[in-house]
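Just below is one structure, and these are the notes that go with it.
Just so it is clear, none of the values below were taken in a lab; they were calculated from the coordinates. These figures come from a predicted structure and were not determined experimentally. Cβ coordinates were reconstructed from backbone atoms using ideal geometry, including for glycine residues, and neighbour counts include every protein chain displayed.
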Amino acid sequence: METHDVNIRLNLLANSNDNLERKIPMLRILAFAALLATSLTPVHAGEARKALLYKNPQCGCCEGYADYLRRNGFQVEVKPTNDLAEISRKAGIPAEFQGCHTTFIDGYVVDGHVPVKTVEKLLTQRPDIAGIALPGMPMGSPGMVGEKTEPFTIYAIPKDGKQPEVYATE
Ligand SMILES: [Cu+2]
């Protein structure tokens, strides 16, 4: 039921007074149902794709990555902090695998400039790991300047502090 259909029916009914009072409650329900149907889907999608990104206050490429996530449908909250290394370490990322920002998405940690294709793979496959990391700040990665010169290697970060293994290359 489209909203303009409801309007047309309202106009028609306005010309026959005896019908009007009886039918208005039903029309209200239909209009409400139409409204509900159009509003529920985006709200649900938004909930599933929230991201919380911690970064050093001065970090510009981190903002670039936040915008990249937004362009790909994520609702991103950016939190500047001076304790990024500690946040990253607590999330299970060994020091040598840390990137310049740490993002939490749907129960996982996503560290560094990880391309969204691999983020989607993580959120779809939902492996039993802490998250994924693209160490350092590779040239040409999402949010970074420059040309990509070699494949990006994204690592799976185990929950138990074991050594990360390759999760994806792209
Ligand atoms: Cu960066």
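Assorted remarks:
- Full extension of the chain between ARG70 and ASN56 gives 3.1 nm of extra length, using 0.36 nm per residue less the Cα-Cα distance.
- Placed amide H near ASN56: partners under 5 Å, 5+ positions off or other chain: THR81
- Check: region 69-170 dipole with +1 on Lys, Arg Cβ and -1 on Asp, Glu Cβ, in debye: 220
- In this calculation the C-beta distance from GLU120 to VAL166 is compared with R0 = 22 Å, giving a FRET efficiency of 0.80.
- Sorted fewest first by neighbouring Cβ atoms within 10 angstrom, THR103, THR81 come out as THR81, THR103.
- Derived scalar couplings ³J(HN,Hα) [region 110-126; Karplus, 6.51 cos²θ - 1.76 cosθ + 1.60; whole Hz; x for Gly, Pro]: 10, 9, x, 8, 5, x, 5, 4, 6, 4, 5, 4, 4, 6, 8, 7, 6
- With both labels modelled 7 Å from their Cα along Cα-to-Cβ, the GLU63 to GLU96 distance reads 3.4 nm.
- Note on LYS79: lysines with a C-alpha under 19 Å away, same-chain residues under 8 apart excluded, are LYS50, LYS55, LYS90.
- Ascending count of other beta-carbon atoms within 10 Å, so fewest first, for GLU77, GLU165: GLU165, GLU77
- Footprinting exposure proxy for LEU52, LEU122 (fewest neighbouring C-beta atoms within 10 Å first): LEU52, LEU122
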